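Read-outs throughout are calculated quantities, based only on the coordinates presented, and are distinct from any laboratory measurement. Keep in mind that this is a model prediction, so the values were computed, not measured. In this analysis, Cβ positions are derived from the backbone assuming ideal geometry, glycine residues included, and neighbour counts consider all displayed protein chains.
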Amino acid sequence: MDQQTRTEVEAAAFRRLVEHLDNRKDVQNIDLMDLAGFCRNCLSRWYMEAANEKGVELDKETAREIIYGMPYAEWKERYQSPK
């Protein structure tokens, strides 16, 4: 597999992961952290860091909005359970 194809496959897998997490709003970040060692916030931070490494300025809230599909505060209000 050449590098371009690999990058396209990785991007498609990433988009599918984000879509899967979006479809599983019932799964709380704390559950993800306990089971997988990462959560949506980790994923958004990695996204921001990767963008910044490429010279694309992206702040924490914008990265979270990309991963959560809405502003983080809205997601927390709508889907985060009080644990």
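Structure above, values below:
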quantity	calculated
Subset of region 40-80 (residues that are within 12 Å of the chain's Cα centre (by Cα), within 21 Å of Ala11 (Cβ to Cβ) and not in a helix (DSSP H, G or I))	Gly69
Subset tally (residues that are acidic (Asp, Glu), surrounded by 14 or more Cβ atoms within 10 Å (Cβ to Cβ) and farther than 18 Å from Ala63 by Cβ) for region 15-52	1
